[in-house]
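Data first, discussion second: the structure below is written as C-alpha cells.
The values are calculated or read from the model by the stated rules, or taken from the named source; none is laboratory data. All figures in this text were calculated on a predicted structure; none of them were measured in a lab. Quick reminder, even Gly has a Cβ in these numbers, built from the backbone with ideal geometry, and neighbours come from all protein chains shown. Please note that ligands, DNA and RNA were not included when accessible areas were found on the heavy atoms of the full protein model with its side chains. Shrake-Rupley method; radii C 1.70, N 1.55, O 1.52, S 1.80 Å.
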Amino acid sequence: MSKRRTRLSPQAEAIQFILSGREKPCFKVKWISDFKGRGVFTCTPIEKGSFVAEYRGELISQYEQDKRQKKYTDKQNAFLFDFEWNNGTWCIDASREDGSLGRLVNDCHKSPNCKMRRLTVQGTPHLCLFAIENIQAETEITYDYGDSQWPWRNLVSKTS
Ligand SMILES: C[S@@+](CC[C@H](N)C(=O)[O-])C[C@H]1O[C@@H](n2cnc3c(N)ncnc32)[C@H](O)[C@@H]1O
C-alpha cells in the first residue's frame, strides 16, 4: 500500500511547531548592520500562506507589561509584543535571548512579507508569523510591528 503523506495546513503545521518547541530548519540568522542588528533569512523559497515561525517568549498580563516597560531599556521594550485575547490585553515578552527565531524578525511597515497571527493552542495564545506572499530564497523575513512610533522608521541607515 502506498503511504502518501497529506500536506498539513499552515495552521496545523504551526501547531506542531508550537507544541514541539522546534523551529523550521530552513532559516538562518544573519548580522545585517549595526543599525538593524540581526535578521532572519530564508534559505529556501516560501509559499504564500505558509507558517514561518512562532514569536516565542513569556506570556504576561498587561499589568506586568506596564511594570516591565518602566524598567526595561528601549532595546528590551522592542521585544514586548502586545495583543488582544479573551477580552483583554496580553503580551509576549521575548526579551530573553533564548535562541528562537521569531524574536529576531525585523520590522517592515511598507512591504512586509509576513504577518503575525494569534493562535490559541491548548487554551493558551501563541503568536505566529505566516507568509503573506511568495518569498524567494535568501530574502529577509519581515513583518509590520504595528502602529507604534518605532524610532528606526524615521531614521535612514547608512549601511543597510
Ligand atoms: C524584536 S528585535 C529584532 C531583532 C534585532 N534586529 C536583533 O538583532 O536583536 C527589534 C529590534 O530590531 C531592530 N529593528 C527591527 N526592525 C528594524 C528596522 N526595520 N530597521 C532598523 N532596525 C530595526 C531595532 O533595534 C529593534 O529594537
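Some notes on this structure:
- Candidate set: the range 50-67, residues that are in contact (Cβ under 8 Å) with a residue 12 or more places away in the chain and open to solvent by 30 Å² or more (accessible area, probe 1.4 Å); chosen: the one farthest from residue 117 (Cα to Cα): 64
- Qualifying residue in the range 19-28 (condition: among the acidic types (Asp, Glu), open to solvent by 70 Å² or more (accessible area, probe 1.4 Å) and touching a residue at least 24 places away in the same chain (Cβ under 8 Å)): no
- Residue, surrounded by the fewest Cβ atoms within 10 Å (Cβ to Cβ), within the range 76-100, restricted to residues that are of a type in the set (A, V, I, L, M, F, W, C) and more than 14 Å from the chain's Cα centre (by Cα): 85
- Residues of the range 76-100 satisfying the condition of being within 10 Å of the ligand (Cβ to nearest atom) and touching a residue at least 24 places away in the same chain (Cβ under 8 Å): 78, 79, 81, 94, 95
- For residue 12, the test of being under 15 Å from the mean Cα position of the chain (by Cα), at pLDDT 95 or above and hydrophobic (A, V, I, L, M, F, W, C) is failed.
- Check on residue 72, within 16 Å of the ligand (Cβ to nearest atom) and under 15 Å from residue 145 (Cβ atoms): no
- Residue list for the range 122-147, restricted to those being loosely packed, with under 12 Cβ neighbours inside 10 Å and within 16 Å of the ligand (Cβ to nearest atom): 147
- When the range 101-121 is filtered for residues that are within 13 Å of the ligand (Cβ to nearest atom) and open to solvent by 60 Å² or more (accessible area, probe 1.4 Å), the ones remaining, listed by number, are 109, 110, 111.
- Criterion: more than 15 Å from the chain's Cα centre (by Cα) and of a type in the set (D, E, K, R) - qualifying residue of 56, 22, 5: 5
- Qualifying residue in the range 38-50 (condition: among the aromatic types (Phe, Trp, Tyr), at pLDDT 95 or above and either touching a Ser or Thr at 6+ places or on another chain (Cβ under 7 Å) or over 21 Å from residue 121 (Cβ atoms) (or both)): yes
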